[in-house]
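The values are calculated or read from the model by the stated rules, or taken from the named source; none is laboratory data. Values in this document were obtained by computation on a predicted structure and should not be read as measured data. Note that each Cβ is placed from the backbone with ideal geometry, even for glycine, and that neighbours are counted across all protein chains shown. In case anyone asks, the SASA skips ligands and DNA or RNA and just uses the protein heavy atoms, side chains included. Shrake-Rupley method; radii C 1.70, N 1.55, O 1.52, S 1.80 Å.
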Amino acid sequence: ILQEPISEGISRSWEIYKIHVQSKTEFQDLLIADTAHGTTLFCNNERQSSELSQLAYHEGQVMPALLSMPNLPKTALVIGSSEGVAVQILQKAGVENITHVDIDEECMVACGKYLPYGYTVDEIKKYMSAGSTDSLKVIIGDGKEYIESMLDKNINFDLIVMDIPDEGPK
């Protein structure tokens, strides 16, 4: 049983049926396991996405912004979203150029290998390649530092989506 902290004195219990990967990356504790919600991603014991609810969650992040804009954005920046689902929603909506920045390559690769949704490992490798001319680029790095470097270069995005884990207690 995994105890997911909700707030002070409150937690959610997850029965774990099968563990696909459990590791400590440079940035977080990573667990991908089968639960009652299907294959589920946990970072630092907090559910990030699950097979059952991932689409509704990620659509909830992306669609309100898309629907509120007068025109479909041509460029988007996604920070976090190791699974790649937010990116895939933007691609399906027709956003032409997407930059995806995630700090944890190990987590991304594990998601690509074990989650039945989001990127595949081959897609991650393809989109990370330096010579890629695709409309999607994956960059491993710190999102804040990336934004600062783009501001220094006066590069803007039409839409920015943040899909990062909670910082947790300090």
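Give me the percent of the accessible area of the range 1-106 that comes from carbon and sulfur atoms, probe 1.4 Å, all protein chains in place.
50 percent
Looking at THR75, TYR117, SER129, which one has the Cα that reaches farthest to the positive end of the dipole of the range 41-170 (charges on Cβ: Lys, Arg +1; Asp, Glu -1)?
The listed residue farthest towards the positive side: THR75.
If you add up the charges near HIS20, with Lys and Arg at +1 and Asp and Glu at -1, over every other residue whose beta carbon is less than 11 angstrom from its beta carbon, what do you get?
+1
Probe 1.4 Å, all protein chains in place: accessible area of VAL138 in Å², nearest 10?
10 Å²
Please compute the per residue accessible area over the range 1-64 with all protein chains in place, 1.4 Å probe, rounded to a whole number of Å². If you can, show how the numbers build up before the last one.
Numbers: 3690 Å² over 64 residues.
Result: 58 Å² of accessible area for each residue.
Go ahead and run the numbers for FRET between ILE6 and ASN71, Cβ-Cβ distance against an R0 of 30 Å, rounding to 0.05.
On the way: r = 39 Å, r/R0 = 1.29.
After rounding, the FRET efficiency stands at 0.20.
In the range 1-141, what percentage of the DSSP-assigned beta bridges are antiparallel, given to the nearest 5?
Rounded to the nearest five, the antiparallel share is 70 percent.
Work out how far the C-alpha atoms of the chain reach from end to end along every principal axis, then list the three figures in whole Å, largest first.
Principal extents (largest minus smallest coordinate, Cα): 47, 34, 32 Å.
Treat each spin label as a single point 7 Å out from the Cα along the C-beta direction, and report the GLN22 to THR120 distance in nm.
2.9 nm
Within the set of other residues whose C-beta is less than 13 Å from the C-beta of ALA86, count the net charge using Lys and Arg as +1 and Asp and Glu as -1. Write down the numbers at each step before the final one.
On the way: positive: LYS92; negative: GLU59, GLU83, ASP102, ASP163.
Overall, the nearby charge balance is -3.
Whenever you get a sec, line up MET108, MET69, MET162 from highest to lowest accessible area (probe 1.4 Å, protein heavy atoms).
Result, largest first: MET162, MET69, MET108.
Can you list which of the GluC sites (Glu not before Pro) found in the range 72-161 are DSSP loop residues with at most 15 other C-beta atoms within 10 Å?
Answer by residue number: GLU96.
Number of Lys-Lys pairs in the range 8-157 under 14 Å by Cα, sequence gap 8 or more or different chains? Walk me through the numbers on the way to the answer.
Numbers: LYS74/LYS92; LYS113/LYS125; LYS125/LYS137; LYS126/LYS137.
Lysine pair count for the range 8-157: 4.
If you split all Cα-Cα distances of the range 1-75 into 10 Å bins from zero, what percentages do you get per bin, shortest first?
Spelled out per bin, shortest first, that is 17, 38, 26, 15, 3.
Please give me, ordered by residue number, the chymotrypsin sites (Phe, Trp or Tyr not before Pro) of the range 1-67 that lie in loop per DSSP and have at most 13 other Cβ atoms within 10 Å.
Passing both the DSSP loop test and the Cβ count: TYR17.
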